[in-house]
1. Out of curiosity, is Gly227 in contact with an Asp or Glu (Cβ under 9 Å, 6 or more places away or on another chain), at positive phi, of a type outside the set (Val, Ile, Thr) and not in a strand (DSSP E or B)?
2. What's the total number of residues in the range 37-58 that are under 21 Å from Arg95 (Cα atoms) and in contact (Cβ under 8 Å) with a residue 24 or more places away in the chain?
3. Of all residues in the range 117-136, which are outside any helix (DSSP H, G or I) and at pLDDT 75 or above?
4. Can you tell me which residue within the range 232-260, out of those that are open to solvent by less than 20 Å² (accessible area, probe 1.4 Å) and over 18 Å from Thr299 (Cβ atoms), is modelled with the lowest pLDDT?
Amino acid sequence: AEVPGPAAAAAAALNQGGGLWFGPRPAMAVSVVGFFSDVLGMEEDEYSEFLEAVEGLKERLDVFVGVVTDPKVVAEFKTSGLDWIDRSPSVVVSRPSSPSTAQHAPQRRQLLLDEFYSSGGDEAGVQSIADWVIRESMPLVGPLTGDNFGLYERQGLPMLLLFLDLSNARNPGAAPDAGGRVGGESGGVSNDDLLDEFRGAAKDHAGRLAFVYLDGNKHADQMRSLGLFGGAERLPAIAFNTKDGRQIPFSEKLPINRDTLLQFSADFLSGRLASKADAEAAAKRALTSRSLNKKNLVTKRKARKKAPAATRGISEQFSDIAAADDAEAPELPTT
């Protein structure tokens, strides 16, 4: 939908969601807005490519899509305190940082299309508007399902997976509600507290890692393939999904918070973590530190019921991941 009318109305529309979006807009929705001042002239090609790029987003209820084509309105988004863009043609992706700040602290990423085309892509090697929009419109943290795994695959990023007990989640399929909450507990810790910490770490690693969560009750096989043994009794659990099949689980001894997740992620990206033994050694060092953040220390995991069973290869394990309705899904990416 295009943004018509005076600048004040356009600004109100972006803040309120009126006239801009496809479908219901939950509080944690990501906004994707194109700004074009000359769609019948010099910016015609960029405008057409933008419309094509966002076509596939129309069915995503977690994305708010709009385009501004009135030159006077575009000018307002460069001034008047809005400060969304430097110039047109450009695309802005804006996302709330967490449910608690959904209305107050959006994070924005701007793509200047003239620079994008003249340099042959962005600094991460993305060469099409469609790929950039898909990458930037993915939530900082989202449920991994058979419906969206292809989008994560297209990102091509290593994935950090958080397995939760979602047996008491508010919505089918573990999707967050309109306020960005999922409800329930894992190991005696609020799932929403765990996800807030996960989002805090994801914010610092945006563009380098994909942060996703799943229902550990339904994906015990996938957990084993990642070196997470004990199934639902050991939730919450975290591990990286690696292309070469390395098992790098987050130590159960560590609390799960932004600080410990950031360190775990940094160690992985630097190459310091290559195995479960490396992860446990790093956890041992962290536990001796006086500065260890002990928030969300899980103390109510249940005892394992039986010894770990033999597991299939990681590709086989992830090939049967499905949405909450147990519909069959294609093979999940390994990165």
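The values are calculated or read from the model by the stated rules, or taken from the named source; none is laboratory data. Quick caveat: nothing in here was measured; it's all calculated off a predicted structure. Reconstructed Cβ throughout: ideal geometry from the backbone, glycine too, with neighbour counts over all protein chains shown. Areas reflect the complete protein model, heavy atoms only, side chains present, ligands, DNA and RNA absent. Shrake-Rupley method; radii C 1.70, N 1.55, O 1.52, S 1.80 Å.
1. The answer is no for Gly227.
2. The total comes to 6.
3. Within the range 117-136, Ser119, Gly120, Ser128 meet the criteria.
4. Thr242
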